[in-house]
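These notes are about the structure you will find just below.
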Amino acid sequence: MGRIAIFIPTLEGGGAERVMATLANAMAMRGFEVDLVLAKAQGPFLKNISPAVRVIDLRAGRVAWALLPLVRYIRQARPQAVLAAMTHANVLALLAQKIARMPVRVVVSERNTISVNYRIARSMTARMVYILAKWLYPSAYGICAVSQAAASDLVHFAGLPAERVQAILNPFDLLQIERRAAENIDHPWFA
């Protein structure tokens with residue numbers, strides 16, 4: 001099995017970060033070589049990463065500054081596939097693959113309703129990310145979204161054929177849920 005890279009800005013608390021941490025651990029548990037590639041290795045979910053997952057810190061203060069370090073990573077590690085999550089990371093992963101000129105399969109994962117995020121984006125830089133997404137997403141090996149509604153929105157926003165975007169629901173760690181459900185709750189509300 002080849003190496004799989006998961007690229008996300010950080011592991012700061014959020015739904016996408018939790019999902020990518022869960023996926024990295026699950027893939028490693030199933031015998032895949034997994035690199036969790038972070039623009040900056042920080043955030044509360046770092047403590048949840050399995051020792052079987054190699055954490056790669058690109059040491060970039062901002063996601064945009066991770067472009068060249070990500071290109072270097074792709075050239076050196078030669079992952080078979082890169083799964084990116086969140087629009088700005090997706091755009092960066094696709095740009096890095098083009099610059100690296102390596103035969104890596106980049107799969108992008110849209111975590112929100114992209115047209116809404118584009119409408120509320122205020123800065124020109126933020127709006128440019130969505131414009132680049134429209135241009136770059138067709139070159140992705142795979143495109144997924146967290147729900148059928150988000151997939152449909154992405155199809156319309158980026159002018160993609162409907163069959164190119166797959167709705168894949170978020171995974172969950174059932175063992176962790178069961179462990180936490182068994183914990184004692186020490187709060188007056190539950191007395």
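The values are calculated or read from the model by the stated rules, or taken from the named source; none is laboratory data. Every value quoted in this text rests on a predicted model; they were computed, and no experiment measured them. As a convention, Cβ positions derive from the backbone with ideal geometry for all residues, glycine included, and neighbour counts pool all protein chains shown. To get the accessible areas, we keep the full protein, side chains included, count just its heavy atoms, and leave off ligands, DNA and RNA. Shrake-Rupley method; radii C 1.70, N 1.55, O 1.52, S 1.80 Å.
So here's what we get for this one:
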{"quantity": "Helix 124-136 vs. the chain, principal-axis angle (Cα, 0 to 90°, nearest 10)", "calculated": "70"}
{"quantity": "Within the accessible area of the chain (1.4 Å probe), percent carbon and sulfur", "calculated": "57"}
{"quantity": "Cα long-axis angle, helix 87-100 against the chain (0 to 90 degrees, to the nearest 10)", "calculated": "50"}
{"quantity": "Ellipsoid semi-axes in whole angstrom, largest first, where each is sqrt(5λ) of the Cα gyration tensor of the chain", "calculated": "28, 21, 16"}
{"quantity": "Mean residue ellipticity (222 nm) of the chain, computed from DSSP H runs ≥ 4 via -39,500 (n - 2.57), nearest 500", "calculated": "-13000 deg cm²/dmol"}
{"quantity": "Helix axis angle, 15-29 relative to the chain longest principal axis, alpha carbon, degrees", "calculated": "80"}
{"quantity": "Computed lengthening from Arg179 to Ala126, 0.36 nm per intervening residue step minus Cα-Cα distance", "calculated": "15.1 nm"}
{"quantity": "Alpha-carbon centroid distance for the pair the range 24-100 / the range 115-174, whole angstrom", "calculated": "19"}
{"quantity": "Highest-first arrangement of 74-86, 154-166, 175-187, 24-36, where packing means the average Cβ count within 10 Å", "calculated": "74-86, 24-36, 154-166, 175-187"}
{"quantity": "Charge dipole (the range 1-120, unit charges on Cβ, about Cα centre) - positive-most of Val116, Gly15, Ala64", "calculated": "Ala64"}
